[in-house]
Structure formats: structure tokens, C-alpha cells
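Below is one structure, written out as C-alpha cells; comments come after it.
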Amino acid sequence: MALKVELKPNEKIILGNSVITNGPNRARFYIKGNAVILREKDILTADSANTPCKRIYFSIQMFYLSEEETHNHTDYFAQVNEVIAAAPTTLIFIEEINKQMLTNNYYKALKEAKKLIDYEKELFDNA
């Protein structure tokens, strides 16, 4: 089954190792296969990874976008340990992320990491 992608005017998407920029009109297309796909709204830059949980998301994003078969998770686990030490209540989110990472399902790990970022924002807002 093909993945339906709809892009807003001028929206960008990463497809494989290419960045596609839509023109001035909405566009819809269908993708078959296992290409890496990441919408502009889900892309985090190194500069915008400015909180501990965003740095975790950024690490996972780099694994997802990488063409490497295996990844060095040392920095990722250091980031995770830092977050858990500072806020043990994040463990439930980290466990879900790690479940996806163990099966190399980095896209689902990114979705779980978004939940972690939302939780981090709640913690900061209530501090």
C-alpha cells in the first residue's frame, strides 16, 4: 500500500537523501517502498535541539536519516541517562522510545520522542 503525502505550498519533505520543496500550490503524491520520509514540521535542526529531550529527538532523527546499517548509540544513551537522572518521570517515555530503537524502527521512535518533548515542555512550564 502506498503512503499518501500531501504538501502545503512551499512545504519541504525529506525523501531518502533528498530534500523536495513543493511549489506554490498544494500537492498530493503517493510513495511505494521503504524510503526514509520526514516532513518539514518533524525535522529538528542542530540549532533548534536546545533542550535535553530535543537533543534525544535529534539523535534519533540522525539515526533515521542515516544510510548506515548500524549506529553508535553512545551519545544517545548518555543523553537518555541525563534526562532520567534529572526527571525520573520521563522513564515511561524513554522505555517506549527504546522499544522502537531496539527494532530499528526509528520513525516510530521519533513519534515517541515527540511525546517526550511535549512532556518536557509541561515540566518546564510547571517549574
**Message:** Quick test of your reading of the structure: Lys108 fulfils all but one of (1) of a type in the set (Lys, Arg); (2) modelled with pLDDT of 95 or more; (3) in contact with a strand residue (DSSP E or B) (Cβ under 9 Å, 6 or more places away or on another chain). Name the failing condition by number.
**Reply:** (3)
**Prompt:** Could you say which residue among Asn72, Asn81 is exposed (fewer than 15 other Cβ atoms within 10 Å of the Cβ), in a loop (DSSP other than H, G, I, E, B), of a type outside the set (Val, Ile, Thr) and not assigned by TED's automatic domain parsing to the domain that holds Lys12?
**Reply:** Asn72
**Request:** Test each condition in (1) crowded, with 16+ Cβ neighbours inside 10 Å; (2) of a type in the set (D, E, K, R); (3) touching a Phe, Trp or Tyr at 6+ places or on another chain (Cβ under 7 Å) for Lys115 and report the one that comes out false.
**Result:** (1)
**Complete:** Here the residues within region 15-69 that are in a loop (DSSP other than H, G, I, E, B) and of a type in the set (A, V, I, L, M) are Ala35, Val36, Ile43, Leu44, Ala46, Ala49
**Prompt:** Across region 59-69, what is the total count of residues that are surrounded by fewer than 18 Cβ atoms within 10 Å (Cβ to Cβ) and touching a residue at least 24 places away in the same chain (Cβ under 8 Å)?
**Reply:** 2
**Selected residue [among the β-branched types (Val, Ile, Thr), surrounded by 15 or more Cβ atoms within 10 Å (Cβ to Cβ) and farther than 23 Å from Ile117 by Cβ] from Ile20, Ile94, Ile56** = Ile20
**Hey, Glu67 assigned by TED's automatic domain parsing to the domain that holds Ile117, under 27 Å from Leu123 (Cα atoms) and among the acidic types (Asp, Glu) or not** = no
**Request:** Determine if region 93-100 includes at least one residue that is among the acidic types (Asp, Glu), part of a helix (DSSP H, G or I), touching a Lys or Arg at 6+ places or on another chain (Cβ under 9 Å) and at pLDDT 90 or above.
**Result:** yes
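The values are calculated or read from the model by the stated rules, or taken from the named source; none is laboratory data. Worth saying up front: this structure is predicted, and the values here are computed from it rather than measured. Neighbour counts are summed over all protein chains in view; Cβ atoms, including those assigned to glycine, are modelled from backbone coordinates with ideal geometry.
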